[in-house]
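The values are calculated or read from the model by the stated rules, or taken from the named source; none is laboratory data. None of the values given here were measured: they were computed from a predicted structure. Cβ sites come from the backbone with ideal geometry, for glycine too, and all protein chains shown count toward neighbours.
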Amino acid sequence: MSWIREETPPDENTWSERFRKFCANVLKTGPIPKHVAFIMDGNRRFARKKGMDRAEGHLMGFEKLAETLKWCRDLGINEVTVYAFSIENFKRSKEEVESLMEIARQKFTRLLQEKDAIMKHGVCIRVLGNLTLLPLDIQRSIAEAMVMSKDNDKAFLNVCFAYTSRHEISNAVEEMAEGVEKGLIRPSDVSESLLDRCLYTSHSPDPHLLVRTSGEVRLSDFLLWQSSFSVLSFMEVLWPEFSFWHLCAAVLHYQRNHQAIMRARDQHNHEREQALRQADYDSVVAELQQEDPDKTDQLKWASVPSLVRKQETERDRRVQEFLQHLDRKRAKFLDNLVQKSEIKVCS
């Protein structure tokens, strides 16, 4: 991974490198997406095109990711999310799934070997998905990489592995239902905003730009909730043939649509906040109407604004404590995997 691995700097005197650097600087005069998501599609078609086996096509796709991360860094994009393996991919042939697992095993092992570089460059690695579906040794390598880098904050690499958006959303709903059942939150605390914060991506901003290669024009169950206000760029190129210039084209597409998307996002956030405030107001008023249907207690009705603020404060406290509980639960899952890995090594 180019964000992580120490590299020999390119020859800055070559014309192509200088031209690429010039184009990057020109692009950076406009708005740059801080978070870009990639659906890295086309590895199998590339393998057929080149007469390779599928495993080699997937391996070249992983190598292309390393190159793309370097280009993102050069452009000032400090967070990248990639769709590495869908839950649906488990339905592929046994041989292909095993080859993909072996590539993942090698790549995560290599990440752990590059611990010093990861920490030096401040890269936070997050793997998003249902990790329990993966082989145990891969789960442990993933957990070690995530625990090791969890406090880094200079660059973020999110790898969606054993992931689908529908599973992510249903898991978030289950987490909220469990919170209500345990009395950590109330049914009235459940909201669109809370669901946002229960997703696997809760510690990341929504992607500003989502790129899919291979010519397909669908999201394939990837970040469906988070990409509502993302600029979408569908490109004909197969993923292993993706280049710096394709990335530049995607960023230009983002810049052309940036203002309209930001207006729509801001409007949505404003309306969501208004709806939440209105719900708090309606809840307080409904409670007072039950206590004093004829509105004879003027002092009590005059306290509606302060009661609404109190309700907001209490809800925020409950929600924050619930989210902390959720973070501890997820951290414990990773810590247990790391401890089992350490016990295995010692034995």
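Of all the listed residues (SER220, SER230, SER193), the sole one being crowded, with 20+ Cβ neighbours inside 10 Å, in contact (Cβ under 8 Å) with a residue 40 or more places away in the chain and not hydrophobic (A, V, I, L, M, F, W, C) is SER230.
For TYR254, indicate whether it is in a helix (DSSP H, G or I), surrounded by 13 or more Cβ atoms within 10 Å (Cβ to Cβ), aromatic (Phe, Trp, Tyr) and in contact with a helix residue (DSSP H, G or I) (Cβ under 6 Å, 6 or more places away or on another chain).
Numbers: in a helix (DSSP H, G or I): yes; surrounded by 13 or more Cβ atoms within 10 Å (Cβ to Cβ): yes; aromatic (Phe, Trp, Tyr): yes; in contact with a helix residue (DSSP H, G or I) (Cβ under 6 Å, 6 or more places away or on another chain): no.
In short, no.
Could you say whether any residue in region 164-175 is among the basic types (Lys, Arg), in a helix (DSSP H, G or I) and in contact (Cβ under 8 Å) with a residue 24 or more places away in the chain? Checked region 164-175: at least one residue is among the basic types (Lys, Arg), in a helix (DSSP H, G or I) and in contact (Cβ under 8 Å) with a residue 24 or more places away in the chain. Going by what's in this entry, would LEU334 be described as in contact with a Cys (Cβ under 8 Å, 6 or more places away or on another chain), surrounded by 12 or more Cβ atoms within 10 Å (Cβ to Cβ) and either modelled with pLDDT of 95 or more or not in a helix (DSSP H, G or I) (or both)? No; evaluated as a whole, the condition is false for this residue. Inside region 69-100, residues that are exposed (fewer than 15 other Cβ atoms within 10 Å of the Cβ) and either touching a residue at least 12 places away in the same chain (Cβ under 8 Å) or part of a helix (DSSP H, G or I) (or both) make up a count of 8.
Here is the figure for region 131-146: residues that are buried (at least 17 other Cβ atoms within 10 Å of the Cβ) and assigned to a helix (DSSP H, G or I) total 10. Note on region 102-129: among residues that are among the β-branched types (Val, Ile, Thr) and in a helix (DSSP H, G or I), the one that is surrounded by the most Cβ atoms within 10 Å (Cβ to Cβ) is ILE118. Which of the numbered conditions does MET1 fail, given that it passes all the others? Conditions: (1) at pLDDT 90 or above; (2) of a type outside the set (Phe, Trp, Tyr); (3) within 22 Å of the chain's Cα centre (by Cα). Tallying (1) at pLDDT 90 or above; (2) of a type outside the set (Phe, Trp, Tyr); (3) within 22 Å of the chain's Cα centre (by Cα), MET1 fails exactly one: (1).
Taking the condition of being among the hydrophobic types (A, V, I, L, M, F, W, C) and at pLDDT below 95, how many residues in region 30-59 meet it? Break it down into steps so the answer makes sense when it comes.
The first filter runs over region 30-59 and keeps only residues among the hydrophobic types (A, V, I, L, M, F, W, C), leaving 32, 36-40, 46-47, 52, 55, 59.
Still in the list and also at pLDDT below 95: 52, 55, 59.
Matching residues across region 30-59 total 3.
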